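*Asks:* Sharing a structure below in structure tokens format, with a few things to ask.
Read the figures in this text as sums done on the coordinates, not as results from a lab. Bear in mind the structure is a predicted one, so any value in this text is a computation, not a measurement. Here the Cβ positions follow ideal geometry from the backbone for every residue, glycine too, while neighbour counts run over all protein chains shown.
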Ligand code: PLP
Ligand code: COI
């Protein structure tokens, strides 16, 4: 633990809180009053500052715009009934933040600096944390290259920032998903395990095509054969097949999700069999046909536990059992919510109090 992070604070002169409609939050559209900014220069992090949310001035030549040296994290903070505020497992995001940084030749941020920076800005905007069921404060830490230089080489300077958004549920109904058999999100040796901005840019065309065909999300498959499940949109793909929780191994083509790890940990706590392994599309489809696939969902910070309603593979549609009837994902969601809102014992120490 380093000493307390020195953060310059400039409060906004007029809060936008009173004029914000919390009953109609669109994910990622509403920002709180403040944001955090820091600079990396001369080989060190400096100028940590919390200031009113607003535009920043950058040169059009910054290398993140041209070459994609940029990545982000996604985390949520919750308000408990007793007014306490906790952030869910930010230590895991701190580790992944630095994995992304290393993959992109960007500087790492000491874990405790990351945690203190989140806590400081969340604390200032704690009145923005919604308390309605399924609501929370989404925390978006990110880093981008700021050198004014068009050479393709790692930048020497960077900005680290944290934005906050009050959010409701990301998905509101069971998803109609399509198993993608042409486009690829990431390949071995690529940067699928990093939360690199470019991964999301590359997913937009396939996702838009799927939306135009009436699907809500894609299930990505492996780049070589398109035979194995990788991820589901911006979430990890998890299934209950033949009474076991199965999910692809979080190797280098897959984002190692915090929610995924949380679900696996809960399942093991309950003595529920878990298999982290290659998951063949064929076995999922077979399970959907025979009824042995009793649950399927995306697990992610924004998505939380997002049930899959139906799976489309090569034009055939397989409808799964009613999401409300599913024992496993319903229990996971209930347990997770109870821990995060402070209504159940946090035996793993997942809540980081602000
Ligand atoms: N996979 C991708 C591509 C994502 O964008 C996300 C969302 O963050 C996840 C998986 C789930 O990760 P986590 O549970 O850490 O949010
Ligand atoms: C998250 O769950 O934090 C994500 O990354 C999803 C996001 C791209 C909306």
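*Asks:* How large is the Rg to Rh ratio of the stretch 181-223 when both quantities use alpha carbon positions and Rh follows Kirkwood?
*Replies:* 0.97
*Asks:* Still on this structure, I have one more. To test your reading of the geometry: what angle, between 0 and 90 degrees and rounded to tens, separates the Cα axis of helix 258-269 from the longest principal axis of the chain?
*Replies:* Helix 258-269 and the main axis of the chain meet at about 50 degrees.
*Asks:* To continue, here is another question. State the extension gain, in nm to one decimal, for the chain segment bounded by residue 81 and residue 23, taking 0.36 nm per residue of separation less the distance between their alpha-carbons.
*Replies:* 19.0 nm
*Asks:* Let me ask you something else. Measure of size requested: the Rg and Dmax of the chain, with Cα atoms as the atom set and Å as the unit; please supply both.
*Replies:* 20.6, 61
*Asks:* Which three numbers, in whole Å and largest first, are the semi-axes of the equivalent ellipsoid of the stretch 287-354 derived from its Cα gyration tensor as √(5λ)?
*Replies:* Over the Cα atoms of the stretch 287-354, the ellipsoid semi-axes are 31, 13, 8 Å.
*Asks:* Show me the ranking of peptides 265-272, 129-136 by mean Cβ neighbours inside 10 Å, starting with the highest.
*Replies:* 129-136, 265-272
*Asks:* Still on this structure, please answer the following. Which value in Å is the Kirkwood Rh of the stretch 175-340 over different Cα pairs?
*Replies:* Final number for the Kirkwood radius of the stretch 175-340 is 15.8 Å.
*Asks:* How far apart, in nanometres, would the label points at residue 242 and residue 102 be if each is projected 7 angstrom from Cα along the Cα-to-Cβ direction?
*Replies:* 3.6
*Asks:* Take the Cα atoms of the stretch 133-229, build their convex hull, and give its volume per residue in Å³.
*Replies:* 155
*Asks:* Can you tell me the FRET efficiency between residue 156 and residue 49 if r is taken as the Cβ-Cβ distance and R0 is 25 Å, rounded to the nearest 0.05?
*Replies:* Efficiency at R0 = 25 Å is approximately 0.75.
*Asks:* Report, to one decimal in Å, the Kirkwood hydrodynamic radius for the stretch 193-249 based on all distinct Cα pairs.
*Replies:* 12.7
*Asks:* Rank by packing, highest mean first: peptides 146-156, 174-184, with packing defined as the count of other Cβ atoms within 10 Å averaged across residues.
*Replies:* Descending packing order for the listed peptides: 174-184, 146-156.
*Asks:* Convex hull volume of the Cα atoms in the stretch 186-280, per residue, in Å³?
*Replies:* Spelled out: Cα convex hull of the stretch 186-280, divided by residues, is 104 Å³.
*Asks:* Which value, in nm² and rounded to one decimal, describes the direction-averaged projected area of the C-alpha convex hull of the stretch 8-168?
*Replies:* Orientation-averaged projected area of the Cα hull: 9.9 nm².
*Asks:* Let me ask you something else. Which of rounded, prolate, oblate describes the stretch 131-190, given a ≥ b ≥ c as roots of the alpha-carbon gyration tensor eigenvalues and a/c under 1.5 marking rounded, otherwise prolate only if a/b is larger than b/c?
*Replies:* Since a/c reaches 1.5 but b/c is at least a/b, the shape of the stretch 131-190 is classed as oblate.
*Asks:* Starting from the 7 Å offset along Cα-to-Cβ, what nm value, one decimal, do you get for the label separation of residue 347 and residue 172?
*Replies:* 3.6
*Asks:* Spin-label point model (7 Å from Cα, Cβ direction): what's the residue 330 to residue 252 distance in nm?
*Replies:* Here the answer is 4.3 nm between the modelled labels.
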